[in-house]
Structures are given as structure tokens and as C-alpha cells.
Amino acid sequence: MLTIKNLSKTYANGVHALRGIDLTVSPGLFGLLGPNGAGKSSLMRTLATLQAADTGSVQLDDIDVLNDKDAVRRVLGYLPQDFGLYPRVDPETLLDHLADLKGIDNPRERAESVERLLRLTNLWDVRKQKLGTFSGGMRQRFGIAQALLGNPRLIIVDEPTTGLDPEERRRFLNLLARIGEQAVVILSTHLVADVRELCSSMAMINRGQVLVQGSPNGLLSKLEGRVWRKQVDADELEALGDDALVLSTHLNAGRTVARVESPVCPGPGFLPAEPNLEDVYFSTLKH
């Protein structure tokens, strides 16, 4: 169990990155959703012991995360949004080196761990290929492999599917789902689809504050009977905001379809719509 209480961080330039964050995260996949600049990466970096907080506390079971950084790092797996690789080194060699740094001293145990993780991430067949030749998805899968060294209890992945093609994204999400069966996994993203497909619990943050926390199904239930859709023209779209909260718009066969939130039908031509997590996201942000 990861418990975060009153966590705050202000940078030297005056930016209030975190403002009294309170979160409780149980084992499994936890989605942290928010727009770019919401404070997600600042929270991830704080949990990963890469920066200090100004106030607050973080407890991972019996570990004081903010004050016992060495203990945290022994049980932490971290995949940041951007990470560097040695392009002329193959994944098997680099993973073996990282395992040694992680404290896996026994050569046989280290070799077995490296093989297991390369097979888990579907990289065993390219274990001798130079990392510099890897695609974006292969690099991300190697990032997960290194994050899983030492069987971590807390795994943090920050914007892991950004830039991946649909096939690589699907493979990566399936891998995360398997990992989430055994540890606390925090998935930080601005992509609603990643959270919808993977996470049994989630939170939304913006401007360094938690706006809402719960299960996706529980949050969806709050919008039941409140979401409506209609094909609209540009002029009509501008006027919609006078009577209802416009959640989003998208094109369907070249026509604009608006999704709005209203306790009652907002006007002629509107049809009731089944709420989705994207509606929850925009409703929360706009309210």
C-alpha cells in the first residue's frame, strides 16, 4: 500500500508543482491522469526519490519514502518519460550490468533474471542486437525490463505509450497488465485510453491538485443520464455552451458531433449518450 499525505512541492522559479496531494494506492494498476503540466511528472519524480518534497509524507508499507531513499530504491522500478540507452550495447549485456548495480551479485541468479525479463518483454530473440537499432516500442519494453530488476514492490511508469504505434502500444499495455498483478504500479499519462483499458483505480490531477479519485466505473456512474450527443454545425456549436457544458467534439463522417453534459436534455436533436472515461476527464477538468 502506498499512502501519500499533504505532499507539496514548489520549484525555485515559483511554480507550485504539487499542492497538498493526498492519495492511497493499493497493489495493482493505478492510473494517474491529467493534462500536460498537471504535476504528474513532479509527483513521479518525488516518489522515485529524484527530488525532495517541501512538505508531506509518503509511506510504502513500512518504508518512509521521503526519508529513507536507499530503502525505496531497493524496491523501486522506474520508467521515466525520457531515458537514455547506450546505442552500441546489446540489451542482454546492459541488463546484466544494471542487475549487478541493483545488487544481484550471484552470476547465475543474475543470468536467470536477465533471461526471464528479456523473455517477458519479448526481447529474447533480439538480445544481441544493438540498442541503437531498436524501435520506440522495443526501447520502451527494454525500459520495463530494467524497471523490473529485483522484483520491485513499487513500479512507476511515466507517459509510457507516447509515440508508440498501435501494435506496439497494445503489446506494451498487455505487458503492464501482467506486471500489475504483483506490485503497486502507477501509470502516469495524459491518455485516457491507457487508463480506461488497464486500471482498476485512478486519480485525476491538475495544477498540482487531486481533483478526483476512485474506480473508473464509480466515476462513470456519476455521469449516468447527464451526457448527450448531437451532430452540430459550427454556428450551433458556439451557442451550445450557453445551455450545457460542452465536453468534447469529434468528427463522424465529416460532421461534427458534440458531447455535452446536462441534467436534462439540452435541446431538440440531442440523444442520450453512454458516458465514457473521456467524458469524466473533460467534465472534471471543466468543472
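The values are calculated or read from the model by the stated rules, or taken from the named source; none is laboratory data. Everything numeric in this text was worked out from a predicted model, so none of it was measured. Methodologically, a virtual Cβ is constructed for each residue, glycine included, from the backbone with ideal geometry; neighbour enumeration extends over all protein chains shown.
Tabulated data for the structure shown
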{"item": "Any hit, region 244-258, residues being aliphatic (A, V, I, L, M), assigned to a helix (DSSP H, G or I) and not assigned by TED's automatic domain parsing to the domain that holds Phe30", "result": "no"}
{"item": "Within region 137-166, considering residues that are among the hydrophobic types (A, V, I, L, M, F, W, C) and in a helix (DSSP H, G or I), the one surrounded by the most Cβ atoms within 10 Å (Cβ to Cβ)", "result": "Ala145"}
{"item": "Qualifying position, being modelled with pLDDT of 90 or more and out of contact with any Lys or Arg (no Cβ under 6 Å at 6 or more places or on another chain), among Asn276, Asn252", "result": "Asn276"}
{"item": "Subset of region 167-189 that is surrounded by fewer than 16 Cβ atoms within 10 Å (Cβ to Cβ) and charged (D, E, K, R) - its residue that is farthest from the chain's Cα centre (by Cα)", "result": "Glu167"}
{"item": "So Leu191, is it assigned by TED's automatic domain parsing to the domain that holds Ile21 and over 25 Å from Val260 (Cβ atoms)", "result": "no"}
{"item": "Neighbours by Cβ (under 8 Å, 6+ apart or cross-chain): first from region 109-133, assigned to a helix (DSSP H, G or I); second among the basic types (Lys, Arg)", "result": "Leu118/Arg127; Leu120/Arg178; Leu131/Arg88; Leu131/Arg139; Gly132/Arg88"}
{"item": "Evaluation of Ser215 against (1) surrounded by 20 or more Cβ atoms within 10 Å (Cβ to Cβ); (2) among the small types (Gly, Ala, Ser); (3) within 28 Å of Gln140 (Cβ to Cβ); (4) in contact with a Ser or Thr (Cβ under 7 Å, 6 or more places away or on another chain) (one fails), failing number", "result": "(1)"}
{"item": "The listed residue being of a type in the set (D, E, K, R), farther than 17 Å from Leu154 by Cβ, loosely packed, with under 13 Cβ neighbours inside 10 Å and without any contact (Cβ under 8 Å) to a residue 12 or more places away in the chain, out of Asp100, Asp82, Asp70", "result": "Asp82"}
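Quick grid of which residues meet (1) closer than 30 Å to Arg170 by Cβ; (2) modelled with pLDDT of 85 or more; (3) under 15 Å from the mean Cα position of the chain (by Cα):
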site: Leu191; (1), (2), (3): yes, no, yes
site: Ser200; (1), (2), (3): yes, yes, yes
site: Ser215; (1), (2), (3): yes, yes, yes
site: Leu219; (1), (2), (3): yes, yes, no
site: Arg226; (1), (2), (3): no, yes, no
site: Lys230; (1), (2), (3): no, yes, no
site: Asp233; (1), (2), (3): no, no, no
site: Leu245; (1), (2), (3): no, yes, no
